[in-house]
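Undergrad: The following block contains the structure, expressed as structure tokens.
The values are calculated or read from the model by the stated rules, or taken from the named source; none is laboratory data. Note that this is a predicted model, so its numbers are computed, not measured. Every residue, glycine as well, gets a Cβ built from its backbone with ideal geometry; the counts of neighbours run over all protein chains shown. Keep in mind that these areas ignore ligands, DNA and RNA; they rest on the heavy atoms of the full protein, side chains included. Shrake-Rupley method; radii C 1.70, N 1.55, O 1.52, S 1.80 Å.
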Amino acid sequence: MIALITGVNSQDGSYLARFLLSRGYYVHGTLRRTVNKNLNCIKGLNIDIHWATLENYGSLYRVIQKVKPDEVYHLAAQSYVANSFEDELSTISANIGGTHHMLNACKEIVHNCRFYFAGSSEMYGNQKPPQNELTPMNPVSPYGISKIAGYSPGKSFFQRSEITA
């Protein structure tokens, strides 16, 4: 099996890479070119690294085309909640656009690929724990809103419309 992990240099990404390697997977990961530190968590792991950014469809498309993964674990996001208030547009662009780009590239290239989307407790906002699938989502940050839009586009905050040519 071939797995692709976006955000492989994160804590969750590095743990997932180790787990998948222990199960015999070939593991690939994406990194932004601006990442030049914080790679200690993946140091020594037998994974292939690909440079890509969530905001650039072409870079993600090329990675999917080269790797042809059986499974994609989409962990990458602009994930600093405080920053999402300071730069809402970048958060929305990276998180919603990046998820859309990944799904579209998979649809075009690897039709039967399994796709995992990393949600966030921020999607629930100030709801009292514990939350489950029936808990209403009520985000209170641009980051939370962007994660909901990636999780269920067209169902929560945005309406999907059909475009006809």
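Results for (1) at positive phi; (2) open to solvent by 50 Å² or more (accessible area, probe 1.4 Å); (3) touching a Pro at 6+ places or on another chain (Cβ under 9 Å), shown as yes or no for each residue.
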site: LEU4; (1), (2), (3): no, no, yes
site: GLY7; (1), (2), (3): yes, no, no
site: SER10; (1), (2), (3): no, no, no
site: SER22; (1), (2), (3): no, yes, no
site: TYR25; (1), (2), (3): no, no, no
site: LEU45; (1), (2), (3): no, no, no
site: ILE49; (1), (2), (3): no, yes, no
site: THR53; (1), (2), (3): no, no, no
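Undergrad: Of all residues in the stretch 11-35, which are basic (Lys, Arg) and either within 15 Å of GLY98 (Cα to Cα) or assigned to a loop (DSSP other than H, G, I, E, B) (or both)?
TA: The answer is ARG23, ARG32, ARG33.
Undergrad: Do any residues in the stretch 104-124 that are of a type in the set (S, T, N, Q) have Cβ atoms under 6 Å from those of residues that are part of a helix (DSSP H, G or I), where the two are at least six apart or on different chains, and which pairs are they?
TA: SER120/LYS147
Undergrad: Could I ask something else about it? For the stretch 55-81, what are the residues that are open to solvent by 70 Å² or more (accessible area, probe 1.4 Å) and of a type in the set (A, V, I, L, M)?
TA: none
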